[in-house]
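Nothing in this text is a laboratory measurement; each read-out follows from the coordinates by a stated rule. None of the values given here were measured: they were computed from a predicted structure. Quick reminder, even Gly has a Cβ in these numbers, built from the backbone with ideal geometry, and neighbours come from all protein chains shown.
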């Protein structure tokens with residue numbers, strides 16, 4: 001069994017095909033899905049999807065792109081909604097200085113609120129970081145050092161130094177289809193150095209379809225291709241990689257319940 005640790009099942013890219021997309025993923029051996037919140041104001045849509053399926057969990061959070069739009073989301077509101085039984089993590093949250101769709105100071109404030117809510121709920125935090133490595137680690141340390149904060153840097157495509165720092169801090173690293181791209185040699189070397197007990201695999205669907213599906217709309221079934229590349233990097237058979245990353249997922253997201261036990 002594999003887990004898609006980060007996908008966006010409520011996005012309109014799937015629309016009426018959602019059931020077919022899930023069916024293809026299950027047929028490919030995907031046993032659990034974590035569908036990710038990018039806007040707290042749309043949490044009800046995500047919650048409905050998770051509630052309808054025993055193999056889907058969800059998160060709660062504001063993507064840094066929407067930090068300005070959702071500046072009214074307080075720690076108290078995150079904690080209140082985060083008690084929903086299907087919520088297993090806070091996020092995705094973090095910093096994106098590549099697009100700067102929200103002012104950086106508002107991104108940082110939102111990131112801190114999410115971390116504080118995660119600590120209050122005793123949940124991991126799902127972190128998006130792009131062109132913001134120093135500030136990402138600074139804020140994680142300032143808010144989480146010595147607290148037992150856990151989490152994951154999702155869709156990792158940053159430097160080897162950031163991966164090393166995050167692992168030492170106690171975080172997991174999740175790899176998407178980017179690791180399969182021809183020009184991702186440095187990222188594959190980074191993946192080689194991430195300990196197996198800190199590795200997750202994801203699609204970030206509907207984005208970033210892996211080779212050999214690049215150029216298509218991504219979907220959870222395609223996580224198999226990313227997992228196969230990671231298995232090769234570590235000299236493992238795909239089944240072993242699947243077992244290890246699945247165990248990592250359920251250890252980190254301890255509120256997620258395996259559909260088959």
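Reported to the nearest whole Å, the Cα centre-to-centre distance from region 92-115 to region 38-55 is 22. Shape call for region 1-63 from the C-alpha gyration tensor, a ≥ b ≥ c root eigenvalues: rounded (a/c under 1.5), prolate (a/b greater than b/c) or oblate? Since a/c reaches 1.5 and a/b is larger than b/c, the shape of region 1-63 is classed as prolate.
In this label model, residue 122 and residue 52 are separated by 3.3 nm, measuring between points 7 Å along each Cα→Cβ vector. Here 6, 32, 65 are placed in order of increasing Cβ neighbour count within 10 Å, fewest first, which gives 65, 32, 6.
Could you list the residues of region 59-102 with an amide nitrogen less than 18 Å from a label point located 7 Å from the Cα of residue 147 in the Cα-to-C-beta direction? Backbone N within reach: 60-64, 73-83, 88-95.
Between residue 105 and residue 250, the modelled labels are 4.7 nm apart [label points 7 Å from Cα along Cα→Cβ]. For region 89-188, what's the relative contact order in percent, using C-alpha pairs closer than 8 Å and at least 6 residues apart? Relative contact order here is 25 percent. Label region 23-101 by shape, choosing from rounded, prolate and oblate, from the square roots a ≥ b ≥ c of the eigenvalues of the Cα gyration tensor; if a/c is under 1.5 it is rounded, and otherwise prolate applies when a/b is larger than b/c, oblate when it is not. Oblate, because a/c is 1.5 or more while a/b does not exceed b/c.
Take the alpha carbon atoms of region 133-211, find their center, do the same for region 223-243, and report the distance between the two centers in whole angstrom. Cα centroid of region 133-211 versus Cα centroid of region 223-243: 17 Å apart. Overall, the anisotropy analysis places the chain in the rounded class: the square-rooted eigenvalues a ≥ b ≥ c of its C-alpha gyration tensor yield a/c less than 1.5. Among 1, 137, 199, a tally of other beta-carbon atoms within 10 Å of each Cβ gives an order, fewest to most, of 1, 137, 199.
Going by neighbour counts of Cβ atoms within 10 Å, the residues 167, 125 line up, fewest first, as 167, 125. Structural size metrics of region 177-255, computed from C-alpha coordinates, are Rg and Dmax of 12.2, 36 Å. For the pair residue 42 and residue 1 in one chain, pulling the backbone fully straight at 0.36 nm per residue adds 11.8 nm over the alpha carbon distance.
Put simply, the convex hull of the Cα atoms in region 91-198 casts, on average, a shadow of 6.6 nm².
At 222 nm, what value in deg cm²/dmol follows for the chain if DSSP H runs of at least 4 each add -39500 (n - 2.57) and the sum is divided by all its residues, to the nearest 500?
-12000 deg cm²/dmol
With contacts taken as Cα pairs under 8 Å and at least 6 residues apart, the chain reaches a relative contact order of 21 percent.
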